Amino acid sequence: MTSSLAAIPDRGHPAGDSQRQQTSTPTNQSAKGKEQAKLSRTGNPSSGGNDRQPVFDTDSLNEQSPLLSPSSGSGEDDGFIRAQALDNGEDDHQATKSVWYLILLTISIGGLQIAWSVEMSNGSPYLLSLGLSKSLMALVWIAGPLSGTLVQPYVGMLSDNCRLSWGKRKPFMLGGAAATIISLMFLAWTKDIVGGFFGVFGADPESAFVKNSIIVIAVLWVYILDFAINTVQAAIRAFIVDCAPSHQQEVANAMASRFVGIGNIAGYLAGYTDLPSVLWFLGDTQFKDLCAIASIALGVTVVATCIFIRERDPRLEGPPIKDKPGVLAFFNKIFTSIQRLPPQTRKVCEVQFCAWIGFFPMLFYTSSYIGEIYAEPYLEANPNMTPEELDRLYEDATREGTFALLIFAITSLATNVFLPFFIAPTYTTQPGSAVVSPDEGGPSSLKDYDEEKSWLDYLVIPGFTLRRAWMLAQILFTCSMLCTVFVRTVTAATVLIGLVGITWALTLWAPWAIISAEISRRDEERRQQRAQRMLSPTRGMDGYNSDEARELESGEDAEAADQAGVILGIHNMAIAAPQIIATLLSSVIFQIFQKPRGEPGDHSIAIVLALGGITVLISAFFIHRIRDDPDVPADIMSAVEDGDAPSRPGTARSRTRSHEQLPRASLERATLVRNKSFGGMEY
Ligand SMILES: OC[C@H]1O[C@H](O[C@H]2O[C@H](CO)[C@@H](O)[C@H](O)[C@H]2O)[C@H](O)[C@@H](O)[C@@H]1O
């Protein structure tokens, strides 16, 4: 795998750096590596070339260097690995990334979303067309939440412990994508494959046996598909955390949510188009064509991400935790990991757990809700419709409902595109930053503040942080859902659903941004600690002495075990598990309030939606308890807010002055980086 940082412009590196990376051959790297890996005092191009500060020459220390092979055992090479580990504090991955990098990093989640939207919007009609009964449909719907609850933490755990040279997440992204594509293809062609197979043995394709076999196998493929999709989703989310720098987690996740929005709309629009007449070569039915499109989109985007974005070599992290095999051990591990979740992540999980009880009915029953409102006056006017008339009425009603979902998807995407420009930045300490005082050469970590203030900065609403926007969006959701009980026109109901598109946009963005920033910071701290350990002469190549290595193997150093994969997996459990609860609760409410098909006055869905709105209100309260700047000491924060420290991008002159005013101790802690939420036009 080639170095992505050589291919993609990276603002964190002067052009000369990346050019050198591109032109360095293994031979000349090894030749100059030995002398340049030494700690040397050289001019730092990032600081204008007029200062002298301790730097490592990263030319000879990049992860492609043959000198850095963890399997190498020579003392000299060991020295290089240690040097690189020390240098990790300022490694490529913490440098500010360009918008192109972020696009390539997150585009695969858009490809995946097309697969999701095809399954969610067309999966049920397809299975019904095969003859599956509506009552058994619930068995299929439960596959999504079930796989989300089980697969994502498992994949997270496996990928955290993966030590393949090409990365921890890429094997799961590529393997999961291949499995998703295979499942989509088999699902779409089930009738042909199963019918053809039994046909070889002379079975009648119209026989009950063949038809039932087709249904059973199709349902099986839906389960495999959901498990495969969740594998890719878990790996991509962790990949974003691993590959975006800590201070760009907000913007990376904003980008990801845009791709989710684009993927959704692309999926819905493809569903509207008469595909067999245009894409006949992909298949003779709408569902076959949709599955083919989703497969191509997923395959292309995942491969693009894997080719252009370089992961850290996980072998440099030392040996993986040896988890005990077995189902019990897995649940035990998850339970332990839940107990020691990082504080912000724990709070976000509480929010998600409550919120998704309310989101699930909104996502799944919206079209039926709008449809009921549409049908109501016709049913009142004509209580004795024939089954055919009812079918026609509900077909029109479903179209109205689907239109509302399209408005919802458009509002959501528009919010994801434009809202980031208005969000006030939060601050984070940057563990990967060099802590060097100005008199020693200036803090290179504060390069963000060198940027000129652009006109986009004037769009920012002071105090309107991502967390507050998220909280307000949840309250908006509650208000909209409570209104569903009173609304009686399709237009008004469509407006309510359009409004909750804003909530959905923030749901796809804020939680991941908050969690990812926290995990990314912790990972970086851990890398630095490891780097320090590696400098100790009593340590092994993995940075641990023999006692620590034993602890790790036995899982005693449990704190070190929880990385992005397992934490994000647990976060996904907090999304998926409440969907199971919501399914059960809503079926109870339907039992009580639902009226027979064709009878007016059925408001059962509105009741479910309104109750969901209340659980989302509880989640808004939990958001209220999350801090905007959890890791920034109060004195530093107030210095920033008072303008004593560089709070906003300003001129280099003002930056330097405010730095000189800070005491050394504060300065060291004030390796403060702005967590930008904005859209990417700034790059
Ligand atoms: O988080 C964004 C995603 O939300 C849904 O996925 C979640 O629910 C699925 C079951 O309905 C579950 O399998 C998955 O693990 C959860 O993340 C939604 O289905 C996706 O479209 C969306 O990207």
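The values are calculated or read from the model by the stated rules, or taken from the named source; none is laboratory data. Quick caveat: nothing in here was measured; it's all calculated off a predicted structure. All Cβ positions, glycine included, derive from the backbone under ideal geometry; neighbour counts span all protein chains shown.
Just wondering, is there one or more residues in the stretch 452-468 that are assigned to a helix (DSSP H, G or I), in contact with a helix residue (DSSP H, G or I) (Cβ under 7 Å, 6 or more places away or on another chain) and modelled with pLDDT of 90 or more? Outline the logic, then answer.
Residues of the stretch 452-468 assigned to a helix (DSSP H, G or I): 455-459, 466-468.
If we keep only those that are in contact with a helix residue (DSSP H, G or I) (Cβ under 7 Å, 6 or more places away or on another chain) as well, we get 456, 459, 466-467.
Still in the list and also modelled with pLDDT of 90 or more: 466-467.
Looking for residues that are assigned to a helix (DSSP H, G or I), in contact with a helix residue (DSSP H, G or I) (Cβ under 7 Å, 6 or more places away or on another chain) and modelled with pLDDT of 90 or more, one finds at least one in the stretch 452-468, hence yes.
Which of the residues spanning the stretch 346-387 are out of contact with any helix residue (DSSP H, G or I) (no Cβ under 7 Å at 6 or more places or on another chain), part of a helix (DSSP H, G or I) and more than 16 Å from the ligand (Cβ to nearest atom)?
346, 376, 377, 379, 380, 381, 387
Being within 16 Å of the ligand (Cβ to nearest atom) and of a type in the set (A, V, I, L, M) is the filter here; which residues of the stretch 169-186 pass it?
So the first thing to find is which residues in the stretch 169-186 are within 16 Å of the ligand (Cβ to nearest atom), and the list is 172-173, 176-177, 179-180, 183-184.
Listed by number, the residues that qualify are 173, 177, 179, 184.
Yes or no: residue 166 near the ligand (Cβ under 9 Å from one of its atoms) and either farther than 18 Å from residue 229 by Cα or assigned to a helix (DSSP H, G or I) (or both)? Spell out how you get there, then give the answer.
Numbers: near the ligand (Cβ under 9 Å from one of its atoms): no; either farther than 18 Å from residue 229 by Cα or assigned to a helix (DSSP H, G or I) (or both): yes.
In short, no.
Yes/no matrix, rows are residues, columns are (1) of a type outside the set (A, V, I, L, M); (2) free of Cβ contacts under 8 Å to residues at least 40 places away in the same chain; (3) within 16 Å of the ligand (Cβ to nearest atom):
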{"site": "213", "(1), (2), (3)": "yes, yes, no"}
{"site": "218", "(1), (2), (3)": "no, no, no"}
{"site": "236", "(1), (2), (3)": "no, no, yes"}
{"site": "239", "(1), (2), (3)": "yes, no, yes"}
{"site": "265", "(1), (2), (3)": "no, no, yes"}
{"site": "275", "(1), (2), (3)": "no, yes, no"}
{"site": "283", "(1), (2), (3)": "yes, no, no"}
{"site": "297", "(1), (2), (3)": "no, no, yes"}
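Kindly indicate the residue of the stretch 165-220 that is over 23 Å from residue 291 (Cα atoms) and of a type in the set (Gly, Ala, Ser) and also surrounded by the fewest Cβ atoms within 10 Å (Cβ to Cβ) among those meeting that condition.
Checking each candidate, the answer is 202.
Restricted to the stretch 86-116, and to residues that are at pLDDT below 90 and in a helix (DSSP H, G or I), which residue is farthest from the ligand (Cβ to nearest atom)? Steps first, please.
Filtering the stretch 86-116 down to residues at pLDDT below 90 leaves 86-97.
Now restrict to residues that are in a helix (DSSP H, G or I): 86-90, 92-94.
On the way: 86: 38, 87: 36, 88: 31, 89: 33, 90: 33, 92: 29, 93: 25, 94: 27 Å.
The residue in question is 86.
What is the residue count in the stretch 611-628 for residues that are assigned to a loop (DSSP other than H, G, I, E, B) and at pLDDT 95 or above?
From the stretch 611-628, those assigned to a loop (DSSP other than H, G, I, E, B) are 625-628; that's our starting set.
After this cut, where a residue has to be at pLDDT 95 or above as well, the list is none.
Selection size over the stretch 611-628: 0.
Do you know which residues across the stretch 130-160 are among the small types (Gly, Ala, Ser), part of a helix (DSSP H, G or I) and free of Cβ contacts under 8 Å to residues at least 12 places away in the same chain? Show your work before the answer.
Within the stretch 130-160, the subset among the small types (Gly, Ala, Ser) is 131, 133, 135, 138, 143-144, 147-148, 156, 159.
Within this subset, residues satisfying the condition of being part of a helix (DSSP H, G or I) are 135, 138, 143-144, 147-148, 156, 159.
Hit for the stretch 130-160 is 135, nothing else.
Which one of 252, 235, 266 is within 15 Å of residue 118 (Cα to Cα) and either not in a loop (DSSP other than H, G, I, E, B) or not hydrophobic (A, V, I, L, M, F, W, C) (or both)?
Sole residue among the options that is within 15 Å of residue 118 (Cα to Cα) and either not in a loop (DSSP other than H, G, I, E, B) or not hydrophobic (A, V, I, L, M, F, W, C) (or both): 266.
With touching a residue at least 24 places away in the same chain (Cβ under 8 Å), among the small types (Gly, Ala, Ser) and within 16 Å of the ligand (Cβ to nearest atom) as the only criterion, which of 517, 493, 505 stands out? Steps first, please.
On the way: 517 fails: within 16 Å of the ligand (Cβ to nearest atom); 493 fails: within 16 Å of the ligand (Cβ to nearest atom).
Sole residue among the options that is touching a residue at least 24 places away in the same chain (Cβ under 8 Å), among the small types (Gly, Ala, Ser) and within 16 Å of the ligand (Cβ to nearest atom): 505.
Say we look at the stretch 241-263 and pick out the residues that are more than 14 Å from the ligand (Cβ to nearest atom) and among the charged types (D, E, K, R); which of these is farthest from residue 502 (Cα to Cα)? Please lay out each step first, then the result.
Within the stretch 241-263, the subset more than 14 Å from the ligand (Cβ to nearest atom) is 241-252, 254-255.
Imposing the further condition that a residue be among the charged types (D, E, K, R) reduces the set to 242, 250.
Working: 242: 28, 250: 17 Å.
Across the stretch 241-263, the extreme among qualifying residues is 242.
Can you find a residue in the stretch 145-161 that is aliphatic (A, V, I, L, M), under 23 Å from residue 267 (Cβ atoms) and more than 16 Å from the ligand (Cβ to nearest atom)?
No.
Got at least one residue in the stretch 323-334 being within 16 Å of the ligand (Cβ to nearest atom) and assigned to a helix (DSSP H, G or I)? Spell out the reasoning first.
So the first thing to find is which residues in the stretch 323-334 are within 16 Å of the ligand (Cβ to nearest atom), and the list is 334.
If we keep only those that are assigned to a helix (DSSP H, G or I) too, we end up with 334.
Within the stretch 323-334, one or more residues are within 16 Å of the ligand (Cβ to nearest atom) and assigned to a helix (DSSP H, G or I).
Can you give me the number of residues within the stretch 378-414 that are under 19 Å from residue 488 (Cα atoms), free of Cβ contacts under 8 Å to residues at least 60 places away in the same chain and more than 40 Å from the chain's Cα centre (by Cα)?
Qualifying residue count for the region: 3.
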